[in-house]
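Heads up: the structure comes next, in C-alpha cells.
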Amino acid sequence: MTQAKLKQQQRLRRVVRLRARISGTPERPRLVVKRSLAHIYAQVIDDSAGRVLVAASDLSLEPTEVKGKKKTELAALVGGLLAKQAVAKGVTKVVFDRRDKKYHGRVKALADGARQGGLEF
C-alpha cells in the first residue's frame, strides 16, 4: 500500500470515529469545519433532515475584508459571519465537528469567532 493511500485511510478513519459520536439535531445542528491549505469552509447542518442551514467560507467574505489578513484571522471572520447568519435563522446552540483536524490554529480561530458571534457550543 502506498504512503498516500495509507494517509487517506487514516484520515477517513478519524472522520468516521468522530462522526459516530456527533450528530446534528434540529435543536442542536452540527457545525462542520472543512480546512484546506488555501481556504476554510464552515456549514451548519441538521442531520435529521439532511439539510444545510447556513454556510460560509473565506471566499464569501468581501475582498476589502480579506486584503492583508492572515489565514487565521480570516478563519475568525468566517466564524463570525457564520454565527451571524445562524443567529438570523434562529440557531444559537450547535455541536462542533472538526472532522479530521486538530482543534488548534485556523479551526480554533473559526470556533472562537463563532462563539463571539453568538453561537454556543
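Among the listed pairs 7/108; 7/102; 7/70; 67/102, those whose Cα-Cα separation exceeds 25 Å are 7/70; 67/102.
The phi torsions of the range 46-58, fed into the Karplus equation with coefficients 6.51, -1.76 and 1.60 and a -60° offset, translate into couplings of 9, 5, 5, 9, x, 10, 8, 7, 9, 9, 8, 8, 5 Hz, rounded to whole numbers, with Gly and Pro shown as x. As an equivalent ellipsoid, the chain spans semi-axes of 24, 20, 11 angstrom, where each value is the square root of five times an eigenvalue of the C-alpha gyration tensor, largest first. Bridgeable aspartates and glutamates around residue 5 (alpha carbons under 19 Å apart, same-chain partners fewer than 8 residues away excluded): 100. When you work out D = kT/(6 pi eta Rh) for the range 1-45 at 20 °C and 1.002 mPa s, using the Kirkwood radius from C-alpha pairs as Rh and the Stokes-Einstein form, the result is 172 µm²/s. One decimal place: the segment residue 28-residue 72 gains 13.2 nm when fully extended, by the rule 0.36 nm per residue minus the C-alpha distance.
Couplings 3J(HN,Hα) for the range 13-22, derived from phi with the Karplus relation 6.51 cos²θ - 1.76 cosθ + 1.60 (θ = phi - 60°), are 5, 5, 4, 5, 4, 6, 5, 5, 9, 10 Hz, where x marks Gly and Pro. Both radii come from the Cα set of the range 34-102: Rg as radius of gyration, Rh as Kirkwood radius; their ratio Rg/Rh reads 0.98.
A short reminder: the numbers here are calculations on the coordinates, not readings from a lab. Fair warning: this is a prediction, and the values are worked out from it, not measured in the lab.
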